[in-house]
Structures are given as structure tokens and as C-alpha cells.
Amino acid sequence: MNCKKYIFSLLVLLFSFCAFAQNENFSIKVIQDSVVYLADANNAMRLYKKPFKIQIELQNVEGVYLFASFNDSIFKLKNDKSIPDFKNIPSMSMAEEAFNVNQELMISPDGWAYWFYKATDNWHRMDKEVIVSNNITTISKTVKQFYFTATENEVSIDNNNKQLYLFFFSAIANENSELVKELQRFKLKINWL
């Protein structure tokens, strides 16, 4: 009888571990001057008007979609509400320079960024250094300026006074590259000191 309980307990532990190991999630940190900033309860943080780095840890997801804007139209979307035109977002993803050579964040009225890492590719849109350890991939994007896609203008961080709204999410796509299921979302508002 004790052997059955032991085997049952072992199986429960194994299934729990497998379920945990298969979690599909990401986490976001912002780093400025070697200080790590996390969002407060209102999904906000305060940064100085100088370069910063967005660091993303990916676990069992290839990447995250990002909508970056100086208005809160997507940011204020309630967690139980669907993202507008959700399934077609991959086709709205903007092309960005390989290895983030311009160290910029694209601001678009309707375009999305897709920040990802595939070990089989010889390029990606993030800073060149990628860390893969214990089934977690850490990618980063250094931001020293904003690039406005509508006007093709660049604006340095120190010349910007507007709040920055970032809306990240991960999802599953079908064979036609249409999104079919949202996995996780994360919102962040950056105010400037």
C-alpha cells in the first residue's frame, strides 16, 4: 500500500514538473544605468531621459509582439478584451534592422514589432548578445531614440516629453501565420524624470 502511495506521489510530482517546464511565458525588465526597473501596480515606471534597455526572458515562446505608442489606445485595453485585428497582427509586423544597430524603438500608429529569437537564424531584431540557459532565452533591445514610421523621423529620448506606452503579448499562430490564441500580455507606461 505504501508503495502505491509513493508511486502515485511520484507521478503527481512528475506531471507537475512537466506542466511547469512547459509554461509558455515571458517577463519584462527595464534596465537603465545598470539599475533594473520593474513596473509598479499601475504598470508604470519612471526613467531618466537617456538610453535604456528592455530585457525580455522567453520561456517556451519564440518571441513577443509589441505595440509602442505615445497614446494609450492599445495600452488601456482591458485584460478581458480582445486585441483589435488579433489574428492578422503578424502581417502588420514592421521590419527592423538586424541586431538593433540603430538602437531605436519604432513608434507606429498601426504597426507592431515582433521581437523573437530563433537559434537556427543568423539574425534577429534585438541587441546582438542573446543568453540561452535552462530553457530560458534572454533577449534585449537598447533604446536611445524613437523612430516614427509615419514621418520617418528619429527623435532622441532626451528630446521627448511624452509618456511611452508599451503593450506586449505572446500568442500561438496557425500554419497560415494567423494568431489563434493569446498566451500572455504585459503593459508598461514609462514616465520621464
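The values are calculated or read from the model by the stated rules, or taken from the named source; none is laboratory data. This is a predicted model, so every value here is computed, not measured. Because the Cβ atoms are built from the backbone with ideal geometry, glycine has one as well, and the counts that use them run over all protein chains shown. These accessible areas exclude ligands, DNA and RNA; they are computed on the full protein's heavy atoms, side chains included. Shrake-Rupley method; radii C 1.70, N 1.55, O 1.52, S 1.80 Å.
Taking region 28-43 as the range and being free of Cβ contacts under 8 Å to residues at least 40 places away in the same chain and within 25 Å of Asn79 (Cα to Cα) as the test, the residues that pass are Lys29, Tyr37, Leu38, Asp40, Ala41. Put simply, of Glu96, Glu57 the only residue that is touching a Phe, Trp or Tyr at 6+ places or on another chain (Cβ under 8 Å) and among the charged types (D, E, K, R) is Glu57.
Restricted to region 98-110, and to residues there that are open to solvent by less than 40 Å² (accessible area, probe 1.4 Å) and not aliphatic (A, V, I, L, M), the residue that is nearest to Phe75 (Cα to Cα) is Ser108.
Pairing residues of region 138-154 that are under 18 Å from Lys29 (Cα atoms) with residues that are part of a strand (DSSP E or B) and among the basic types (Lys, Arg), at Cβ distances under 6 Å and at least 6 apart in sequence or on separate chains, gives Ser140/Lys53; Thr142/Lys53. Residues that are in contact with a Ser or Thr (Cβ under 9 Å, 6 or more places away or on another chain), open to solvent by 30 Å² or more (accessible area, probe 1.4 Å) and not in a strand (DSSP E or B) were ranked within region 111-150; the one that is farthest from Lys50 (Cα to Cα) is Ala119. Has region 69-83 got any residue that is among the charged types (D, E, K, R) and over 28 Å from Ala44 (Cβ atoms)? There is no residue in region 69-83 that is among the charged types (D, E, K, R) and over 28 Å from Ala44 (Cβ atoms). With respect to the conditions (1) in contact with a Lys or Arg (Cβ under 8 Å, 6 or more places away or on another chain); (2) surrounded by 12 or more Cβ atoms within 10 Å (Cβ to Cβ), Met92 falls short on a single one, namely (1). Taking region 111-150 as the range and being under 20 Å from Ala173 (Cα atoms) and among the charged types (D, E, K, R) as the test, the residues that pass are Lys118, Asp121, Arg125. Taken over region 20-58, the criterion of being in a strand (DSSP E or B) and open to solvent by 30 Å² or more (accessible area, probe 1.4 Å) is satisfied by Asn25, Ser27, Lys29, Ile31, Val35, Val36, Tyr37, Arg46, Lys53, Gln55, Glu57. Of note, Lys181 does not satisfy the criterion of being within 18 Å of Pro51 (Cβ to Cβ), open to solvent by 50 Å² or more (accessible area, probe 1.4 Å) and not β-branched (Val, Ile, Thr).
Taken over region 59-75, residues that are polar (S, T, N, Q) and surrounded by 14 or more Cβ atoms within 10 Å (Cβ to Cβ) amount to 3. Screening the candidates Asn174, Asn160 for the property of being of a type outside the set (A, V, I, L, M), over 15 Å from Gln55 (Cα atoms), out of contact with any helix residue (DSSP H, G or I) (no Cβ under 7 Å at 6 or more places or on another chain) and without any contact (Cβ under 8 Å) to a residue 40 or more places away in the chain yields one hit, Asn174.
Taking the criterion of being in contact with a Ser or Thr (Cβ under 8 Å, 6 or more places away or on another chain) and modelled with pLDDT under 95, would at least one residue in region 157-175 satisfy it? Checked region 157-175: no residue is in contact with a Ser or Thr (Cβ under 8 Å, 6 or more places away or on another chain) and modelled with pLDDT under 95. Ala171 meets the conditions (1) more than 18 Å from Asp110 (Cα to Cα); (2) surrounded by fewer than 19 Cβ atoms within 10 Å (Cβ to Cβ) in every case but one. The failed one is (2).
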